[in-house]
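See structure below.
The values are calculated or read from the model by the stated rules, or taken from the named source; none is laboratory data. Everything numeric here is computed off the predicted structure, so don't read it as measured data. No Cβ is skipped: glycine too gets one built from the backbone with ideal geometry, and neighbour counts run over all protein chains shown. Heavy atoms of the whole protein, side chains included, go into the accessibility calculation; ligands, DNA and RNA do not. Shrake-Rupley method; radii C 1.70, N 1.55, O 1.52, S 1.80 Å.
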Amino acid sequence: MTAQRLDLRDPSSFPSRRVEAWKYTDVRRLLRDTPPASPEAEVAPGGPFAALGGEELAFVNGRCEGFPGIVAKGRGEAPMRLRFVSTADGAGHQPEAAIEVTAGSRLVLLESHEGRAAGYVANTRLKISVGEGASLTRIVLGEDAADALAFVRAEVTLSPGATFEQVTATDGARLQRFETHVSHPGQGASVRMDGLYALSGERHADLTSVVTHAGLDGQTSQLVKGVVRDTARGVFQGKIVVERGADGTDARMAHNALILSERGEVDAKPELIIYADDVQCAHGNTVGTLDESALFYMQQRGLPAEEARALLTQAFLFEVVDRIEHDGAREGVREWLTARL
């Protein structure tokens, strides 16, 4: 999968479907020139995770006054809330943030991408490092506008013994992509990288990830689930690479999706590339519709058809939500998803 990086200042970097890694998310079809720069703006404290407290850092139209980067030390229980808010119609911005979790430390990062304007272009870049024996839990909510173009790329580097847990939940945009690249050292480090998408209307969401195992005895677990309605389109591209010498790797990936309309679309491309011998690796992919027998059973017991469909859809997606270990974040994502179903 190509490492091409989108740069709003350089139209030649806008990928088209001819670029293999972007074949399902054709940026050039919708964006050909650099958008006008977003103006400075302010927003009140808040966001979808506000009730969980902790420190808040807000990038508004790509800017965060005096932002030096996040350096987490110690094992504090209070989460950190990182907000990316777009408030300018038809404008573009490109925020960048660096996040470091020092050796032996723990950080819960609650990240939200909030669209409060029309037709904007947001291209967010994150560089994340997790030190030896450290732990990072990253919960991401995508709340972009229906007509926005929104792209998020996170490059994650782990040290031996580190733990990285990530859940991305989104309801899409006109064109939206969450992309995560993980450099996995093995040596007792572990990754759990889950995601869910719940799409309706004409929304599009692309969850793309690459995990590269470079050392012995690393673990990766990935579960992504999605539901599409109307003419929405969901994309999952997951790649796990096991380099030579990365024996003892245990890597598992699964993607499951439901299409609840005749014109909805799901494109899935799970990949395992293995150069080592002594490994345990597996991947799976299913795309289908709701279980008609279960739907019939629920209707026979007095539930209206629409309510029965909503409950089955909810149960399908909640498998991802239930894997979130942080209690407050889990309930926050559960409420967010329930409101969209």
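Can you list, largest first and rounded to whole Å, the semi-axes you get for the chain by taking the square root of 5 times each eigenvalue of its Cα gyration tensor?
They are 28, 26, 22 Å, listed from largest to smallest.
When all protein chains stay in place, what accessible area (Å², nearest 10, 1.4 Å probe) is found for ILE259?
Probe radius 1.4 Å; accessible area of ILE259 about 40 Å².
Looking at the stretch 215-257, which trypsin sites (Lys or Arg not before Pro) are in a loop (DSSP not H, G, I, E or B) and have at most 13 other Cβ atoms within 10 Å?
Hits after loop and neighbour filter: ARG244.
If you line up the Cα atoms of the stretch 111-263 on their principal axes, what length do they span on each, largest first, in Å?
The Cα atoms of the stretch 111-263 stretch 45, 30, 21 Å along the principal axes, largest first.
State the answer as a single residue: which of GLY46, THR25, GLY66 lies farthest towards the positive end of the charge dipole of the chain, with beta carbon charges of +1 for Lys and Arg and -1 for Asp and Glu, about the Cα centre.
THR25
Nearest 0.05, what FRET efficiency do GLU262 and LYS127 give at R0 = 35 Å with Cβ-Cβ as r?
0.25
May I ask you to give the solvent-accessible area per residue for the chain, in square angstrom, as obtained with a 1.4 angstrom probe?
42 Å²
Efficiency by 1/(1 + (r/R0)^6): what FRET value for ALA103 and LEU272, r their Cβ-Cβ distance, R0 = 25 Å, to the nearest 0.05?
In this case the efficiency is close to 0.25.
If Lys and Arg each add +1 and Asp and Glu each add -1, what is the summed charge of the other residues whose beta carbon sits under 11 Å from the beta carbon of LEU57?
Combined, the nearby Lys, Arg, Asp and Glu give -2.
Hey, in the GNM for the chain with a 10 angstrom Cα cutoff, which one of ASP327, ASP144, ASP250 fluctuates hardest?
Highest fluctuation among the options: ASP327.
At 0.36 nm per residue, and after removing the present C-alpha to C-alpha distance, how many nm does the segment from LEU312 to VAL71 gain when stretched out fully?
Between LEU312 and VAL71, full extension yields 82.6 nm more.
Which one, ILE99, ILE273, ILE139, has the greatest fluctuation when you compute a Gaussian network model over the chain with C-alpha springs under 10 angstrom?
Comparing ILE99, ILE273, ILE139 in a Gaussian network model of the chain, the most mobile one is ILE273.
Measure off 7 Å from each Cα along the Cα-to-Cβ vector at ALA305 and ARG28, then give the distance between these two points in nanometres to one decimal.
In this crude spin-label approximation the distance works out to 4.4 nm.
Just to make sure I understand: if all protein chains stay in place, what is the order of SER129, SER112 by accessible area at 1.4 Å, largest first?
Result, largest first: SER129, SER112.
Report in % the part of the accessible area of the chain that belongs to carbon and sulfur, leaving out ligands and nucleic acids; probe 1.4 Å.
Taking all protein chains in place, the chain shows 46 percent carbon and sulfur surface.
Considering only SER221, SER13, SER190, give the residue with the highest GNM mean-square fluctuation for the chain, with springs between Cα atoms whenever their separation is below 10 Å.
SER13
How much of GLU202 can a 1.4 Å solvent probe reach, expressed as accessible area in Å² and rounded to 10?
Here the residue's solvent-accessible area equals roughly 150 Å².
Calculate one ³J(HN,Hα) per residue across the stretch 256-267 by plugging θ = phi - 60° into the Karplus curve 6.51 cos²θ - 1.76 cosθ + 1.60, and present them in order as whole Hz with x for glycine and proline.
Each residue's phi maps through the Karplus curve to give 9, 9, 10, 10, 10, 8, 6, 10, x, 9, 10, 10 Hz.
When we measure straight from the Cα of LYS73, which lysines land under 22 angstrom away, once same-chain ones fewer than 8 places off are left out?
Output for LYS73: LYS127.
Please report how far the C-alpha centroid of the stretch 149-214 lies from that of the stretch 307-324, rounded to the nearest whole angstrom.
20 Å
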